[in-house]
Amino acid sequence: MLQMNRYEENLFIFQYGLVPKKIFVDNAMLTITDRYLPILTSMFMHGGFMHILGNMYFLFIFCDNIEDKLGHVKYFFIYLMFGLAAAMTQVIMFPDSVMPMVGASGAVAGVMGAYLIFFPKAKVKTLVIIIIFITVMDIPAVVFLLLWFGFQFLNGTGGGGGNVAWWANIGGFIAGLTYAVYFLRKKRAVKPAEPYTLN
């Protein structure tokens, strides 16, 4: 198996992770691919095992219902759209940042936002820790997702967590909400009218 040393690993992350400043900086050495390809490739990179495990856990909880509702192909492209919205939110908020952003968290947040609209009455099995007491509880998805979003928003606006792209999560979640509302409105608009009958 090919092993990268620390320098090669950092170079790889800076090349394929999303560095907002690379998009705007005036540098003739940077090609269009250098500037914009990382918007896509960064979604498929992660900062470690726990990072990818966390994303997979949330996808496991929320993804299948959304995929069933949209269909496999449509879900794939909508997922990428959520990731794009997340990435651009982070870029807009921090255009001068040289910190590479990696991970699918923003796209996953989009799935969670859509879930809130599509399945507001669903319940989510959640690990709850109260001092030394640990249990699993069924929590309404609305409560779980709004608390999760509130946590992201508070950290994003309060400058919390240096290595977490809070605004990417916020942007992805809002993109998911927006798409789900649009999807439902469009579906209602094309719903066939009830047949007219004479009494």
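The values are calculated or read from the model by the stated rules, or taken from the named source; none is laboratory data. Predicted, not measured: the structure shown is a model, and the values here were computed from it. As a convention, Cβ positions derive from the backbone with ideal geometry for all residues, glycine included, and neighbour counts pool all protein chains shown. Surface areas here come from the heavy atoms of the whole protein model, side chains and all, with no ligands, DNA or RNA. Shrake-Rupley method; radii C 1.70, N 1.55, O 1.52, S 1.80 Å.
So here's what we get for this one:
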item: Highest-first arrangement of 173-179, 100-106, 23-29, 57-63, where packing means the average Cβ count within 10 Å; result: 100-106, 173-179, 57-63, 23-29
item: Placed amide H near residue 46: partners under 5 Å, 5+ positions off or other chain; result: none
item: Heavy-atom accessible surface of the chain: percent carbon and sulfur, 1.4 Å; result: 69 percent
item: Reach of residue 21 by Cα under 17 Å, taken over aspartates and glutamates that are not fewer than 8 positions away in the same chain; result: 34, 96
item: Rounded to the nearest 20 debye, dipole of the chain from Cβ charges on Lys, Arg, Asp, Glu; result: 620 debye
item: Accessible surface, the stretch 16-173, averaged per residue in Å² (probe 1.4 Å); result: 56 Å²
item: Volume per residue that the Cα convex hull of the chain spans, once the total is divided by residue count, Å³; result: 194 Å³
item: Loop-located GluC sites (Glu not before Pro) in the stretch 1-93 whose Cβ has at most 16 other Cβ within 10 Å (DSSP); result: none
item: Tensor-based shape of the stretch 47-103 (alpha-carbon gyration tensor, a/c under 1.5 rounded, otherwise prolate or oblate); result: oblate
item: Tilt relative to the chain, helix 32-41 - C-alpha long axis, 0 to 90 degrees, to 10; result: 50 degrees
item: Farthest positive-ward along the stretch 23-181 dipole, Cα basis, beta-carbon charges - from 88, 71, 154; result: 71
